[in-house]
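The block underneath contains the structure these notes are about, expressed in structure tokens.
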Amino acid sequence: MLNHEEELNLALKAKLGDSDAFALLYNANIKKIYDFIYFKTLNKELAEDLTSQVFLKVLKNISKFKSDNFSAWIYTIARHTVIDYYRSRHDTKNIEDCWDLKDPFNLMDNLDDNLNLEKIKVAMKDLSRSDRELLIMRLWLDLPFKEIASSLDKRESAVKVSFGRALGRLRQNISPVLFLLISFSTICKKIN
Amino acid sequence: MQKDKLNLILQELYVWNPRLKTKETELIELIELMVKAKPDTNFDMAFAESLKKDLLSHRILLDSDEGLKDDNLLINFKNMNKKIYIITGSLALMAVVIFAVMINKVPKNSLSFINSSKEQFVAAGPGAFGNLALLSPTNSAAPQETAAGSKTNSAVAPTTQDSVASVGKMASPVLGLGGGGGTISSRLMMPVRSYDYVYKGDPLELTEATSTVYRRIKGDGNLSSNLDSLINTKTFGPINLSAFSNLQTGSISLMENKKLGLNINIDFREETIYIGQNWLQWQSARDNCGDNQACWDSYRIKIGSIPEDSIVIQKTNDFLAEKGINLDHYGAAKVDNNWRVNYEASTDKANYYIPEEVSVIYPLVVDGKTVYDQNGNLDGLRVNYNLLQNAVSGVNNLTSYRFETSDYNLETDSAKILGLAQKGGYGSGIFYSQAQDKVTLELGTPTKSLIHFWRYTNNVNEELLIPALIFPVNNPPADYFGSKFITVPLPQEMVTELINNNSNGSSGGGITPMMR
């Protein structure tokens, strides 16, 4: 994994026309960006299509890259690509990812296999997009707070605060009965 | 979830809010639930590799300030007038989309098929290009310029004074050799003089038993695949192109919509770019003068108004630099002044029609060897400069620079080579077998280089660069309109074929070909 400085250095080289540097940036980011988009679309084909669009945009616009934070830049492109996709296909302007849809899961590839997701999907759906994204980045993409902060162009401490609050809201959104069941299940496992 | 990761998250949260520690169990349950709920993204490495290949297969480099650079392409469209329209079709949407792609995928600075990241010479086995005997003069001829909008000037050089006069009637003459092919009008074939050649050079020693033949690589689909993938998914106006199978872009045509604008025709299969005039934007005497002779005269070039060669070359150099056309593989530019031979021979210089364009040639250099045409003239990038408008009006022979290489046996019998040379070399006797006059000319010591041949085989137009000797004609008379060089290809099978042709009488014995 590239650190911030390495990534920035490669981005500047790519900006000057170094295709090898672009390839390294691609290698370092393709899965992260694909996964990020997948978690916002829950559909493999769509995620691949939008990921392709993201990297094409990166390629087309790298010469305009002026930030000192490549990670923030590419996540911004990915985020906006997803938003553009949903907003161009639905009447409402408020949809930013599949979780905002009335039924975000009807396109999902492997819903039947994922009972845990079934348990939290409503709670996740009721979160704000920024809360949801923060939980996804930390717990599903397994990104350190430092990198999340970098990608969101925020301070690390602010991201931690937001993450804690997002967890709290997720907890509130999970039905008390369900959470009781989850807790009971956890206790049983510990006893066993 | 791994315990250390879980602990890390918890510790980070406690730093922010120590009171959360009291709800640790609940936090752990929540986090673990979230982690377990993580959907499988089904990340496909094949997809990643494919996308990477798509992005990089064109060796797309990134421009310093304005977007993409694609070294597969030859030219910097951004330095063309922005109001370029695609005229491949009448559908505006298609034009807009393709234009957007083109503009976004071409570089600001030097663009070229020439690309250091891709191997320029690919070795094939010996004799890989088949029997070169097929490259007989009757089989091998430069293709005619077919690019849309081309009014390329004829490649025919007149051969007599009478034919010189007829040049003035040609539709769009150019000084020198013109560019990109042409036809031979029977009206230009005047009484023929036969030339015998006598070798007067140094003793000829041919010690090289084998040498490399080059075949230009083209049409591998890389250049157009960006457009292909775009087009294959679109519905344009009344047609759904995605309903067709495996669509590929054969060529596109763009035009500058401005005064003195140019057409750019890109042939993806041949990997060539042709630039010519957008005739809608170039005013001519035909457009403006009607029956007004004085007006027509005002459009005629005077001999005294022709700029020095160095000035013309500077102009064409500036044009090529501005358009990002890479000259790394071309030799020093030279103005084609062959037209002056005809002018000097003319008995009525005042009425001699001086074509309005001058041609500058940048000779192609392959593997350190200069490339010539079949008559020993420099071959390569040709830029036409319009003297009336003081503007570049065309670029021909802008091609990819990638070659397959294959070794062929060379003829080492100098007697055979000199025998062919003294009969006029390659292409002798094509046009006439009977001559009215016979003149003997001397040949000097030859130089070895490459000659450009075309071969149409299996529905493919191949371009081959063949090792050959180029003999200078040492003592051409003032009224000599023949070639200043005699060329003899060196591959053994070609030599044998030429000797057989001569012995079968298909060669006229030293008639200089009129096509230059």
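Can you bin region B:255-375 into rounded, prolate or oblate? Criterion: square roots of the alpha carbon gyration tensor eigenvalues sorted a ≥ b ≥ c, rounded for a/c under 1.5, prolate for a/b above b/c, oblate for the rest. Before the final figure, lay out each step's value.
On the way: a/c = 2.25, a/b = 1.33, b/c = 1.69.
Cα axes put region B:255-375 in the oblate bin.
Take the alpha-carbon centre of region B:439-477, take the same for region A:118-154, and report the distance between them in whole Å.
Distance between centres, Cα-based: 71 Å.
Roughly how crowded by other chains is peptide B:11-23, in terms of the mean Cβ count from those chains within 10 Å of each of its Cβ atoms?
Shielding by partners across B:11-23 averages 3.
Quick one: which of B:382-393, B:287-298, A:155-166 comes out on top by average Cβ neighbours within 10 Å, and what's the full order, highest first?
Top to bottom by mean Cβ count within 10 Å: B:382-393, A:155-166, B:287-298.
Kindly identify region B:330-471 as rounded, prolate or oblate by the Cα gyration tensor criterion: order the square roots of the eigenvalues as a ≥ b ≥ c, call it rounded if a/c is under 1.5, otherwise compare a/b with b/c, prolate if a/b is larger, else oblate.
It comes out oblate by the Cα gyration axes.
If packing is taken as the mean number of other Cβ atoms within 10 Å per residue, what is the order of A:131-144, B:330-343, B:308-321, highest first?
A:131-144, B:330-343, B:308-321
Calculate the mean, over all residues of peptide A:138-144, of how many other protein chain Cβ atoms lie within 10 angstrom of the residue's Cβ.
Mean partner-chain Cβ count within 10 Å for A:138-144: 5.
Listed here are the pairs A:LYS44/B:LYS38; A:LYS31/B:LYS52; A:LYS160/B:LYS5; A:LYS60/B:LYS258; which of them are more than 21 Å apart at the Cα?
Flagged as over cut-off: A:LYS60/B:LYS258.
For A:GLU7, B:GLU344, B:GLU270, give the ranking by accessible area with the largest first, probe 1.4 Å.
Order by accessible area, largest first: B:GLU344, B:GLU270, A:GLU7.
Cα gyration tensor of region A:6-79, axes a ≥ b ≥ c as square roots of the eigenvalues: rounded (a/c below 1.5), prolate (a/b > b/c) or oblate?
The shape class here is prolate.
How well do other chains shield peptide B:461-470, expressed as the mean number of their Cβ atoms within 10 Å of each residue Cβ?
For this peptide, the per-residue mean of nearby foreign Cβ atoms is 0.
The values are calculated or read from the model by the stated rules, or taken from the named source; none is laboratory data. Here the structure is a predicted model, which is why all the values come from computation and not from measurement. Because the Cβ atoms are built from the backbone with ideal geometry, glycine has one as well, and the counts that use them run over all protein chains shown. We work out accessible area using only protein heavy atoms, side chains counted, and drop any ligands, DNA or RNA first. Shrake-Rupley method; radii C 1.70, N 1.55, O 1.52, S 1.80 Å.
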